[in-house]
């Protein structure tokens with residue numbers, strides 16, 4: 001009789017254990033899904049906040065970087081050593097409103113600015129500017145435009161130097177992954 005009761009208790013315990021083991025993957029996947037949903041909701045909340053408070057500011061930042069890409073005279077006139085406040089303000093505003101990718105590109109851009117002049121540096125800076133504009137465009141509008149497409153807008157000898165621009169973009173992408 002005691003053996004039958006122990007067998008019955010053992011069967012019930014094994015049954016409960018089987019049910020728990022079968023339910024575990026479901027509960028784990030629900031937990032992970034909820035975690036992902038919470039992270040996405042937080043990201044959307046942050047993006048919504050910045051879009052709400054900074055729409056005009058974002059447009060100004062994107063316009064400044066775009067002007068630097070398509071109008072070299074504008075860049076020389078507005079961002080010289082004598083007008084360091086303009087540079088600092090643009091850096092600050094890009095840092096505030098840009099995504100992590102944009103900030104990494106900005107950091108690389110500023111680090112390259114202090115390197116000795118070379119042909120590679122010049123290509124890298126032009127392409128990096130296009131990458132920043134591309135990243136800001138994606139940050140603020142959700143539209144993705146390749147840096148190479150942006151370069152084609154204004155560079156008349158793009159096809160002659162295409163390989164230099166593509167190599168520069170590869171170097172930049174590699175550096176911001178680090």
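Here, each number is a calculation from the coordinates, and none is a lab measurement. Computed from a predicted structure; not experimentally measured.
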Legend entry - With Cα atoms, 0 to 90° folded angle of helix 119-141 axis to the chain main axis: 50 degrees
Legend entry - Angle in degrees between helix 162-177 and the longest Cα principal axis of the chain, rounded to the nearest 10: 40 degrees
Legend entry - the range 98-178 - Rg (one decimal) and Dmax (whole number), Cα, Å: 12.2, 35
Legend entry - Using alpha-carbon coordinates, inclination of helix 2-70 to the longest axis of the chain, degrees: 10 degrees
Inset, instruction - For the chain, calculate the relative contact order in percent as a whole number, restricting contacts to Cα pairs under 8 Å that are 6 or more residues apart. - result: 19 percent
Inset, instruction - For the chain, count all C-alpha to C-alpha pairs, find those more than 30 Å apart, and express that count as a whole percent of the total. - result: 40 percent
